[in-house]
Every structure is written in C-alpha cells, then in structure tokens.
Amino acid sequence: MKSSRLSWIDYARGIAIILVCYRHVFEGSKEAGLPVGNYNFLEYANIFLYSFRMPLFFIISGIFITKSLQKKGIKLYIENRVRSILYPYFVWGFIQLSLQIIFTKYTNGHPTVSSYLNLFYMPREVAQFWYLYALFNVSLVYALLKYFLKLTALHNIILGIFLFYLSSIIYQRNITTGLVFDIFHYYVFFSIGDFISGYLLDEKSKKYLQSGKTVLLIFIPFICGQVYFLLQNLNHSTSKYMFVEFYQPFVFLFLALIGCTFIITLTFYLQKKDRFKWLTVLGRHSLYIYVSHVIIFSFVRIIFTKLFGIHNVAIIILSGIVSGLLVPLLLYNLAVKFNMRFIFTLEKEPENKVNNESVNNSISPTQSIKY
C-alpha cells in the first residue's frame, strides 16, 4: 500500500485559495474606505472570478465521501470532520472575533461579546468562517443520508437542486435561516463531487482530463459564461453582485459547473506538465490560509494606512494577497516546529509523509488517497 497524492487537487485548491484571498483583500480594502473605485478592473476581476470558487471547494470535498465512509465508517468520518473542520472553525473564529473586539477602532468589523454566539447559528456574521461551518454541516447531512437512508449520489443531486432553488427563494425574500441557508445552497455541489468521483479518480480518465485540447475546448464556454456573469451582475449592483446567483439560480448553477470543469481540467493538465508546483503548496495548506488570511491582511492594511500613511490601492492589495497567502504557511510551519499544530487542527500528523509539507490526509487542504 503506497500513499500518493493527487496533485491536481492541490493545484485546484491552490488556485481557489488565491481567488478567495483576492476577493477578501479587495472587499476589505473597499470597506476600509480605500479608493478602489478608481480601479474598475479590480472590481471586474472580483466579479468575473467569483462564480466557481466556493462550489469548487465543495465539489472537491464531495469527491472523497464514498471512499471515506467505506474506509472509516460513519462514526470515524464524523469524528474526522469535527477534528479537521469544526475545530479550526471555532478556534480561529473565536480568535478573529476577539481581535476585532480588541482593535475595533481599526478594523472593518465591529463585533460585540454577544457575537461569539453567531459561531453556533449565524456563521455568515463571522466573516469568511461561514464556509467551514457550511462544509462541516453539508458533509454531515450528506454522510447521514448516504449511510442510513442509502441515498445515492444521483438522489442527493436531485435533492440538492431542489435545496439550491429553495436557497434562492430564501435570499430573495430575505428570510433569516442561519446555518440552514448554506446547507441548502451548497449541498448540490458536494453531491456532484460524489457523483463524478468515480470518473475523476479513474486512471483511465486521465488521458482525457489532462489533454491540452480538453482545456482549450472548455476555455471558450468558460470565458463566455464569466463574461455573462460579470455583465449581468454589473447591471444589478444593488444586489451586491449576487443577481445571477440568486435571481437566476439555474444559470448560476450551469456557470459554476462550467467554471469548476475548466479549473479541474486545467489542474489535470498542470499535474501532467508538472508546472507551477508552488500552487500545490498553497493547495495543501489552503485550510490554514483560509482561517488566518483575513487577520493577516487586516494587520498589514492597518500598518500601511495608520502607521505609515500609505493608501495606495495597488500596494495594499498586492501586499495583502502576498502576505495573506505566505504568512499562514510560516505560521503553520512554526506551529509544527514547536509542537503546536493543535492551533490549526486536531488531526494527527501522518506517520509516513510523502514530503515535509504533506499534512492531514482526509480533508480539504491536504487530501491524500491510498492505493
């Protein structure tokens, strides 16, 4: 039994975490009052690259649900999710809220002590951390339905499409549903990940997925779809650029899947060519980047604007992205060095690591498969 990594997954997560970081840095700069409106292309890029980022994370996570349940069973699977997703959600959510309360004079968010309760039932009020709570809840519900009710991936896709449409109605009517909303909205993508897992993990499929011709073929509808997404949302700015996602839900579903398909084929191609390996480093550490990058960028922005009086948008956004991606890597490696890995996860470190950066063999940032 030899442990090996699926590099394309690390590539995909690496690309996705860069896009996530860019959006949060851009939105954080805008909320801080920096003149980002003087650079329309920054906002256009933010919208253009938006539709497939989070769906991609859920699809990739869904790919391994069947193998995980077969290998671990329902109890160990849930325990793993608690250790690797729910734990960092509460730890880093608590840290970020605490820092915002302490430095409320300088931060965009202004939570109070009661805001800690949002971690349990209103995750959207805890900035970017909603994703981890949504991923945990979606995987939990999916695993229970699959294990006890024997729902197939196709059954779950049908259920997911209904829930996805229902989430758009909830959004349009401004109904407060707390954590339920994200379960409804992203369940379909997790289901799709499970449905296509057999094809993506089949060695015979690689020759088609990693073909440069396949990438080019999907590139055209990808570009067309994102241009449509951009133009439609620009015409409905009062919806905070969410018009297509929640007022054209099935169009969004199609565009998101086209975007995810393009990224997946692109990452298979990169895996074949063995190019841009630094993306895989970001991908393997995407969870650790996700939980800490907003804190790091906020600190960098405050230093630039408050201490040095620098308000140049290009400098702040570029430095925010670079620091938001790289500093978490440093923090994680320091945590490992000083036996403080528990700051990021309760997952046990693999005994036989493929390399020194390989960690956590079961969830989003570091998925490994044993053959």
Residues that are in contact with a Ser or Thr (Cβ under 7 Å, 6 or more places away or on another chain), surrounded by 16 or more Cβ atoms within 10 Å (Cβ to Cβ) and at negative phi, at least 1 per element: which helices (runs of 4 or more DSSP H) completely within segment 73-155 meet that? 87-102, 130-148
Need a quick list: helices (runs of 4 or more DSSP H) entirely within segment 191-283 having at least 3 residues that are touching a Pro at 6+ places or on another chain (Cβ under 9 Å) and in contact (Cβ under 8 Å) with a residue 60 or more places away in the chain. 249-273
Please work out which residue is farthest from the chain's Cα centre (by Cα), limiting yourself to segment 297-312 and to residues that are within 22 Å of residue 128 (Cα to Cα) and in contact (Cβ under 8 Å) with a residue 12 or more places away in the chain. 302
Looking at segment 139-165, I want the residues that are among the hydroxyl-bearing types (Ser, Thr, Tyr) and have a partner that is in a helix (DSSP H, G or I) and surrounded by fewer than 16 Cβ atoms within 10 Å (Cβ to Cβ) with Cβ atoms under 8 Å, at least 6 apart or on another chain. Which pairs are those? 147/74; 165/250
Tell me, which residue of segment 328-347 that is more than 18 Å from the chain's Cα centre (by Cα) and among the β-branched types (Val, Ile, Thr) is surrounded by the most Cβ atoms within 10 Å (Cβ to Cβ)? 343
Report, by residue number, each residue of segment 148-187 that is touching a Leu at 6+ places or on another chain (Cβ under 6 Å) and aromatic (Phe, Trp, Tyr). 184, 187
What residue, among those in segment 21-61 that are hydroxyl-bearing (Ser, Thr, Tyr) and closer than 19 Å to residue 319 by Cβ, is surrounded by the fewest Cβ atoms within 10 Å (Cβ to Cβ)? 39
Can you tell me which residues in segment 204-247 are among the polar types (S, T, N, Q), within 22 Å of the chain's Cα centre (by Cα) and closer than 22 Å to residue 192 by Cα? 226
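Each value in this text was obtained by applying a stated rule to the coordinates, not by laboratory testing. Keep in mind that this is a model prediction, so the values were computed, not measured. Cβ coordinates were reconstructed from backbone atoms using ideal geometry, including for glycine residues, and neighbour counts include every protein chain displayed.
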